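This report concerns only the one structure given below.
The values are calculated or read from the model by the stated rules, or taken from the named source; none is laboratory data. Predicted model only: the values in this text are computed from it and were never measured. Here the Cβ positions follow ideal geometry from the backbone for every residue, glycine too, while neighbour counts run over all protein chains shown.
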């Protein structure tokens, strides 16, 4: 197959591994900076251009679109889809996952376990929102935050109200969520590819930090997940329409609860902790499913 990966930094571990896995299986793969692509949106001959040349016809596209360029990145990916190129993850599905509130609403509609979550416009309802999630401590999240940034644990009602008011003054959208104390600052990331769990790891936050993100100094180790956790992860990816997803779970007293579904998960920590060939699983999925024109939107609306 002839593959293309949309990625701004080809030197990242995840991107290097995907390229290695593709070449090891005999495929050609180009890595192109998403922001350096421009489009000709024409009903007769839609094209994509890079460096003054028209891009060739690819069999599949692997989107590794950073959160900061979601809007333009999805426009580029949609242009590939218009041309009939098979995407590892579809533009609509990525868009769902990047809108944290919409993703939670879709998961809740399907009965998937979630932390109690509240959302309101402006600070005037701050006390009501805090009460909705069971009081303090509670977790306050920026809707646009990634890798643990913009996630704050408010331990008192006064601090929670102050944080909400501060974010509101900056015209920033936030979610307020129940704090799952019994998780003990740990979470589980489950890597789902093609409706199957291919790897999982337990992430622990560094001392004094309730966030378990590896980018923030957390640690990871392989973990055996329960059947309930497996079903929750697979169903979460399915609901959002993602072929590849990193599903972040907390172990609560009422079972697994989903805190986030990532459509472009990093694979370095996962491969090192679990020993699984995550990059190979992604390429294998494309080998089985990449067909021209097979770009219909899957999952919930």
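Select the helices (runs of 4 or more DSSP H) contained entirely in the stretch 1-120, then report the ones holding at least 3 residues which are farther than 30 Å from residue 182 by Cα.
13-24, 70-82, 91-98
Go through the stretch 37-77 and give me each residue that's touching a strand residue (DSSP E or B) at 6+ places or on another chain (Cβ under 6 Å) and farther than 23 Å from residue 287 by Cα.
Correct list: 37, 38, 39, 40, 47, 48, 49, 50, 54.
Conditions tested, residue by residue: (1) at pLDDT 95 or above; (2) surrounded by fewer than 21 Cβ atoms within 10 Å (Cβ to Cβ).
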{"residue": "206", "(1), (2)": "no, yes"}
{"residue": "212", "(1), (2)": "no, no"}
{"residue": "231", "(1), (2)": "yes, yes"}
{"residue": "235", "(1), (2)": "yes, yes"}
